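First up is the structure itself, then whatever we jot down about it.
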Amino acid sequence: MNIKPVAIALADALFPRRCPVCGELPEEGRRICKHCFCRLDFVKEPCCMICGRTVFNETVRLCAECEARPHSFERGCALLCYDDVMRKMVADIKYKNKRSYLEPMGALLCLRYGEQIRAMEADCLIPVPLHPRKFRSRGFNQAELLAREIGRHTAIPVCTDLLLRVRKTEAQKALGAEERIRNLEAAFAVKEREEMPRTAIIVDDIYTTGSTMEACARVLKGAGISRIFFLSLCIVPGF
Ligand SMILES: [Zn+2]
Ligand SMILES: [Zn+2]
């Protein structure tokens with residue numbers, strides 16, 4: 001008896017690979033239903049040279065947000081626009097423990113940006129950390145799992161013990177952009193080691209204003225990492 005098909009059938013029965021968009025079983029051989037795939041709003045060109053979000057005119061090199069303030073990271077890529085489809089998917093991943101959804105999404109991200117990722121020549125992938133208390137209550141860090149998927153496809157090691165979240169962040173809607181970054185910066189710390197990586201890619205699930213990414217980049221740069229890039233599953237459009 002050939003054991004392999006049995007093992008696969010068993011694994012499928014135990015952990016059926018559900019479509020990350022609708023949660024149903026997709027057509028055979030697919031990880032995302034055909035119909036659901038069409039609902040994914042991939043980031044389209046032309047893109048901002050720094051944050052990678054869609055800009056509305058080919059002559060514009062930077063989005064308004066990147067134009068308004070400089071970043072400590074060089075540039076980054078996001079796979080999808082953060083719309084209702086992605087809002088639901090990210091909520092399912094985080095709050096309904098649908099971590100398996102990150103598998104096809106990580107694969108898509110690498111398929112789309114493999115060349116750009118290689119060009120970054122990064123020594124490691126650094127997921128945006130969760131506060132330990134949040135990590136314990138959720139049981140996993142979605143940014144870390146996404147980084148592991150990216151690492152699996154690109155062979156770039158994932159580093160989770162360098163950037164730490166040492167403080168919980170308070171609600172900070174009322175703060176201005178710079179204040180918000182400063183506030184966030186204090187939430188992160190680097191556990192320095194003898195040999196620091198030279199180039200790193202920060203990985204997160206959502207890029208909104210870029211404050212979190214900027215805070216992490218500043219802290220890492222302060223610790224001696226000279227080049228920082230980022231990868232994000234989705235990005236809020238229209239800045
Ligand atoms: Zn589906
Ligand atoms: Zn931008």
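Computed from the coordinates by the stated procedures, all read-outs in this text should not be read as laboratory data. This is a predicted model, so every value here is computed, not measured. A quick note on method: Cβ atoms are made from the backbone with ideal geometry, for glycine too, and the neighbour counts reach across all protein chains shown.
DSSP loop GluC sites (Glu not before Pro) in the range 64-149 with at most 13 other Cβ atoms within 10 Å of their Cβ, which ones?
GLU121
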Find how much the distance from ARG167 to ALA223 grows on full extension, using 0.36 nm per residue of separation minus their present alpha carbon separation; answer in nm with one decimal.
-> 18.4 nm
Among the helices of the chain (complete DSSP H runs), which have Cα atoms covering no less than 24 Å along the helix axis and a Kyte-Doolittle mean of at least 1.0?
-> none
Sort the range 63-165 into rounded, prolate or oblate with this rule: let a ≥ b ≥ c be the square roots of the eigenvalues of the Cα gyration tensor; rounded if a/c is under 1.5, and if a/c is not under 1.5, prolate when a/b is larger than b/c, oblate otherwise.
-> rounded
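So what's the back-of-envelope 222 nm ellipticity for the chain, counting only DSSP H runs of four-plus at -39500 (n - 2.57) apiece and dividing by all residues, rounded to 500?
Helix contribution divided over all residues of the chain: -11500 deg cm²/dmol.
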Compare LYS34, LYS94, LYS168 in a GNM of the chain, Cα atoms joined below 10 Å, and give the one with the largest fluctuation.
-> LYS34
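Among bridges DSSP assigns within the chain, what percent are antiparallel (round to 5)?
So the antiparallel bridges in the chain amount to around 20 percent.
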If you place +1 on the Cβ of every Lys and Arg, -1 on the Cβ of every Asp and Glu, and leave all else neutral, what size is the dipole of the range 145-239 about its Cα centre, to the nearest 20 Debye?
-> 40
Per residue of the range 50-65, in order, report the coupling 6.51 cos²θ - 1.76 cosθ + 1.60 (Karplus, θ = phi - 60°) as ³J(HN,Hα) in whole Hz, putting x for Gly and Pro.
-> 9, 8, x, 6, 5, 10, 8, 8, 4, 7, 8, 8, 10, 6, 4, 5
In debye, nearest 20, what is the charge dipole magnitude of the chain about its Cα centre with +1 on Lys and Arg Cβ and -1 on Asp and Glu Cβ, if you could check?
-> 700
